Amino acid sequence: MNGRRARCPLSRPGSDASAGGTALSASPAVIARLYDAFGRADVDGILACYVDDLVFHVAGPDPAAGDHAGQAGFRAVLEQYLPFLDDVQHQVLDTVEDAGDRIAVRLRFQFNAGGEHLTNTALHMHRLDGDRIAETWIMNLDEEVTQKFWDEHPDT
């Protein structure tokens, strides 16, 4: 993390960060708002957490894989996939904040899509710009599970 000293953990492992609340009380409020908005599938709420010229990177077999720039590019991804996901829940497992502008969050996502349930552990790295997010990197840690799910649900 750019040689900066990390503080860890900022949340309690196993804390619930579903739509009803967040475990990121010690992290910047924008990160808590982001995960709350994701839990509600609130596209406008998610976008409000980001700067206008954001960059959103998704690695791996996810159908949204690639680099998505700007509010319009990110909105297109969100509007394509969020409507297919039911009962989205997430649990923050760990967070690490460096002394500067980055926060890493390891979390477990659970949702229903295409009549099936997926549980995936992911790592999200956020770069902040003031009180909003400028850039996010997403990496699914359960890549084999994710690949199998999306292979079986190509239209989702």
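The values are calculated or read from the model by the stated rules, or taken from the named source; none is laboratory data. Here the structure is a predicted model, which means the values were calculated and not measured. Because the Cβ atoms are built from the backbone with ideal geometry, glycine has one as well, and the counts that use them run over all protein chains shown. The area values use the complete protein model at the heavy-atom level, side chains included, leaving out ligands, DNA and RNA. Shrake-Rupley method; radii C 1.70, N 1.55, O 1.52, S 1.80 Å.
A few points about this structure:
- Charge dipole (Cα centre; +1 on Lys/Arg Cβ, -1 on Asp/Glu Cβ; no other charges) of the range 39-156 amounts to roughly 160 debye.
- A probe of 1.4 angstrom, applied to the heavy atoms of all protein chains, finds TRP137 with accessible area near 80 square angstrom.
- The alpha-carbon atoms of the range 39-96 define a convex hull whose volume equals 114 cubic angstrom per residue.
- Of the two radii for the range 80-125, the radius of gyration is 1.11 times the Kirkwood radius, both from the alpha carbons; that is the Rg over Rh value.
- Label sites at LEU141 and ASP94, each approximated as a point 7 angstrom past Cα along Cα to Cβ, lie 0.6 nm apart.
- Electrostatic dipole magnitude of the range 30-80 [Cβ: Lys, Arg +1; Asp, Glu -1; Cα centre; debye, to 20]: 100
- Normalised contact order of the range 39-156, rounded percent, pairs of Cα under 8 Å and 6 or more residues apart: 26
- Size of charge dipole - the range 107-156 - debye, nearest 20, with Cβ of Lys, Arg +1 and Asp, Glu -1, no other charges: 220
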